[in-house]
Each structure stands twice: as structure tokens, then as C-alpha cells.
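Notes follow the structure.
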Amino acid sequence: MEHRDPEDVADRPPRTKEAGVSRLKTRTRALVVVPELDERGPRDPDKDKSRAPSRSLDARLEEAVGLALAIDLDVRATVAMRVATPRPATLMGTGKVEEIKLAVATEEVELVVVDHALTPIQQRNLEKAWAAKVIDRTGLILEIFGERARTREGRLQVDLAHLNYQKSRLVRSWTHLERQRGGFGFLGGPGETQIEADRRQLQEKIARLEEELEQVRRTRDLHRRQRQKTPHPVVALVGYTNAGKSTLFNRLTSSDVFAKDLLFATLDPTLRKIRLPHGTDAILSDTVGFISNLPTHLVAAFRATLEEVIEATIILHVRDVSHPDTEAQAEDVASVLRQLEVDPADPARVIEVWNKLDKVDEVRRDQLLEQAASPAATGQLRFAISAVTGEGLDALVAEVERRLVGDRPTYALVVDPSDGAGLAWLYEHGEVLDRDDTPADGLHLAVRMPDKFVDAMRARYKVAG
């Protein structure tokens with residue numbers, strides 16, 4: 001077991017808690033525990049080849065502390081440990097439970113964050129042993145989401161995920177509630193146990209939230225169909241949390257979406273219309289960051305939001321190449337994309353964006369630029385960039401536009417020089433690739449036009465060929 005002192009964040013101002021499911025007080029004294037389960041066993045060379053990149057214990061500890069700081073917990077101490085044999089009752093052995101108990105008492109800790117999934121029984125037993133509140137990784141992520149959700153849809157999704165999480169806790173960990181209470185007809189008749197009443201109330205809330213979310217989904221579908229009538233293709237940004245998606249989004253759209261070196265800085269989806277260099281219009285979508293061990297039910301709750309990814313014409317997988325665990329993070333993102341039935345290695349749809357070149361040394365930078373110059377084994381293109389400095393963005397944007405244009409034909413037009421409105425229409429709705437103002441019979445243009453505007457163009461202009 002290893003004890004470490006976290007970064008001093010005592011002078012960080014407390015954040016005002018917004019509406020959501022969070023029950024934690026700001027600046028709660030906390031201890032972060034990162035257990036690494038020993039998964040050693042008979043080695044299979046074939047499985048080793050396909051095994052996902054391993055995540056270092058140091059990187060896991062850093063991420064766990066980052067998650068705790070994301071909701072302004074006052075992290076007093078951290079514990080990194082290796083667990084040889086997981087215990088059904090407490091996950092870790094008795095000796096380690098006692099060591100953490102001492103650290104909890106010494107630091108006057110109110111909350112222990114265990115960076116691993118805990119069963120309801122394990123959570124309850126550890127709370128008794130440490131005389132402190134205990135939450136696992138899923139519970140912590142839900143707390144963060146509860147504080148970050150700003151839109152009505154985001155809050156509904158978080159509430160639904162939180163209630164489903166509570167329901168799973170209720171089934172096994174609250175069976176000690178043997179109290180009986182009388183009913184009032186609509187609450188249940190005499191003899192109903194407390195756990196049955198609590199379970200039923202949770203289910204009623206879940207049903208109500210699901211109904212509200214269904215209405216939100218129908219509204220979102222309506223908006224999506226309206227966009228498809230325009231139609232502007234969607235370019236979706238995905239990536240591990242804190243990979244720099246929002247910074248890239250802001251640079252490409254000249255927006256001011258909240259972007260900070262903070263886990264889950266963006267939760268609610270943001271969409272902006274952008275115009276690419278040759279006049280192609282597109283919708284750029286910034287999505288919630290992914291993370292390792294993201295609970296399946298949380299992915300399911302946010303599926304409506306992530307439908308922007310599912311429906312996207314192009315997906316930009318933004319990676320933080322300055323992070324030591326960038327390969328493991330990339331595999332975590334790929335895993336979530338597969339849950340959404342998106343092939344993360346599809347060379348026709350997914351482009352890898354290697355971000356944060358400004359944070360690596362010259363040797364690493366040269367290596368990344370050399371690797372990005374050639375496609376991956378799958379044929380997938382990679383672009384090394386810095387969303388902060390803008391390095392490499394021109395090439396990335398040009399490739400996005402080339403993908404969106406595809407095999408769209410080029411039309412040769414002759415336009416009357418006095419038809420200013422007609423000329424403006426062409427620039428607004430299509431791509432004017434070439435223009436010659438010298439011929440006597442009018443302006444000669446080479447234009448690429450979206451399919452939906454081709455008939456209107458032919459009806460208004462003289463099209464050669």
C-alpha cells in the first residue's frame with residue numbers, strides 16, 4: 001500500500017452547487033483509494049496481443065484525484081494499493097481496511113472515494129469499518145454529472161442514471177430495514193415493508209423521468225429532422241475527458257464554450273454551425289467526455305445526447321497525446337463507441353486527432369508528426385494538432401471538407417455580371433471553386449453544389465454540360 005499527499009488545493013474557492021443529484025457538501029474532507037486488482041493468471045499469448053493497453057497505477061491515482069477535485073472535495077490523502085484477492089465483503093483485505101481506518105481517523109476524513117465498483121454489501125461494510133461515508137467510482141461520476149448538467153435534458157439524464165444506481169443499492173444493501181409502517185391507501189396497505197415502499201417510490205420516479213426524457217427525445221428528433229432538411233452534415237467531437245475537445249470546438253467555431261483543464265468540463269452537448277474554407281457548411285457537435293469504466297447504465301442514460309455521435313457524418317476522435325496513458329484512453333473511447341454501435345476504426349468516418357502538441361517535448365513532437373503522416377494499419381487518418389496554438393488545424397479542416405464534399409460533381413456556370421443576388425446565392429449555397437470575370441458573355445464559374453440545391457441552380461443559371 002502506498003500513501004501520498006495530494007496537490008494542495010485548499011485555496012481553491014468553493015463552487016456554488018447547481019441543481020442536480022449531488023448530495024455532497026463542497027470542501028468535504030476526503031480520502032481517495034485506488035485499488036488495483038491482481039488479474040494475473042495463465043498467460044495466453046493470443047489474448048495478450050489483443051489485450052487493451054494497461055493503465056498505470058500512478059495515472060489511475062491522478063485521474064481519481066482529478067475526479068474528486070472536480071466536485072471540490074478537499075482531498076486530504078490518497079492510498080494506492082494492489083489487491084491480490086478481492087474480498088466479497090470488503091473488496092480488500094482486513095489489514096488494508098485497518099490501515100485506511102487509521103488514515104481516516106488521522107486526517108478526520110468525512111468521505112472515502114474508492115476508485116472501483118463496489119457492491120452494496122462492500123460499500124455498507126466499509127462505511128461501518130471506517131465510520132465515514134463511502135462512494136465508489138460510479139457514484140463519484142454521478143455526483144460530477146449532477147453538478148455539471150445545465151440543460152433540462154442533461155439534468156433528467158443524470159437524475160435517471162442516479163435513480164437506477166440507487167435502485168441497485170436498494171435491492172441488497174437495504175434489506176436490513178425491517179420496519180413496518182401502515183399505509184394510506186395510495187402508499188400501500190398495512191404490512192408493507194420500508195424497502196418495498198422505497199423501491200416502489202424509486203420505480204415511480206424512474207418511470208416519470210423516462211416519460212419526460214422520451215418527450216425530450218422526440219423534440220431532439222424533430223430538431224434533427226429539421227437540420228437534415230437543410231441539410232448540414234454533422235461533425236462530432238468525441239474523446240476522453242479533458243482531451244481538449246472544447247478548446248478545439250472553440251477554435252473552429254470562434255465560440256466561448258466552457259473549456260478548462262478539468263475532468264468533465266463539458267457535459268451537455270453543444271452544437272454550432274461552421275463554414276469551412278471552400279464554403280461547405282456543417283454542424284460541429286461537442287459531446288461529453290468519455291472515461292474508463294463508464295457504467296453501462298450511464299451510457300444508456302446519455303444515449304439521446306450521444307445520438308449526435310451516432311448520426312454524425314464524420315467523427316473526430318480527439319486524443320491527448322501528451323498524457324502518458326493516451327493509448328489506454330483511446331481504447332476506452334473506442335469501447336464506448338462500440339457500445340453506441342459505431343466502429344471506432346472506420347477509416348471512412350472516424351479521424352483521429354492527436355491534440356496537445358504544445359505540451360510535448362521536441363523529440364516526442366517529431367515522432368508524432370512522423371507517425372501521423374502515414375495512415376494507421378486500418379487506413380484511418382491521424383492529424384497531429386494543437387487546439388491552443390492552431391498548429392495542424394488547416395490540414396485537419398481541409399480533410400474534413402474533402403470528406404464532406406466527397407464525389408460531389410463540379411458544374412460550369414455562366415452568370416450575368418449584373419445578377420448580384422444570383423451570385424450571392426451561389427456563394428451562400430455552394431462552393432465557388434473558380435471564377436473568371438474576363439469573358440464577354442458573363443462570369444464563368446466552377447461550382448460544387450449540394451444535391452438538394454442542384455435543381456434550383458439549374459433552373460436559374462446557364463449550366464454547361
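The values are calculated or read from the model by the stated rules, or taken from the named source; none is laboratory data. Note that the coordinates shown come from a computational prediction; the quantities given were computed from them, not determined experimentally. Note that each Cβ is placed from the backbone with ideal geometry, even for glycine, and that neighbours are counted across all protein chains shown.
In the set THR389, THR313, THR305, which member is at pLDDT below 85 and of a type in the set (S, T, N, Q)?
Exactly one of THR389, THR313, THR305 is at pLDDT below 85 and of a type in the set (S, T, N, Q), namely THR305.
If you check ARG148, ARG137, ARG181, ARG208 for being basic (Lys, Arg), at pLDDT below 90 and either surrounded by fewer than 22 Cβ atoms within 10 Å (Cβ to Cβ) or closer than 19 Å to ARG76 by Cα (or both), only one passes: ARG181.
Looking at the range 331-362 only, could you name the residues that are among the charged types (D, E, K, R) and within 23 Å of LEU252 (Cβ to Cβ)? Walk me through how you get there before you give the answer.
If we filter the range 331-362 for residues that are among the charged types (D, E, K, R), which is where we start, we get 331-332, 338, 341, 343, 346, 349, 352, 356, 358-359, 361-362.
ASP346, ARG349, GLU352, LYS356, ASP358, LYS359 - these are the residues of the range 331-362 that are among the charged types (D, E, K, R) and within 23 Å of LEU252 (Cβ to Cβ).
When the helices (runs of 4 or more DSSP H) confined to the range 90-160 are screened for residues that are within 30 Å of the chain's Cα centre (by Cα), those reaching at least 2 such residues are found at 120-130, 137-148. The numbered conditions (1) surrounded by 15 or more Cβ atoms within 10 Å (Cβ to Cβ); (2) over 17 Å from PHE383 (Cα atoms) are all true for ASP361 except (1).
Can you tell me which residue among SER285, SER335 is in contact with a helix residue (DSSP H, G or I) (Cβ under 8 Å, 6 or more places away or on another chain), more than 15 Å from PHE383 (Cβ to Cβ), at pLDDT below 95 and of a type in the set (Ser, Thr, Tyr)? Please lay out each step first, then the result.
Details: SER335 fails: in contact with a helix residue (DSSP H, G or I) (Cβ under 8 Å, 6 or more places away or on another chain).
That would be SER285, the only listed residue that is in contact with a helix residue (DSSP H, G or I) (Cβ under 8 Å, 6 or more places away or on another chain), more than 15 Å from PHE383 (Cβ to Cβ), at pLDDT below 95 and of a type in the set (Ser, Thr, Tyr).
For the range 104-119, the tally of residues that are under 19 Å from VAL83 (Cβ atoms) and in contact with a Phe, Trp or Tyr (Cβ under 9 Å, 6 or more places away or on another chain) stands at 2.
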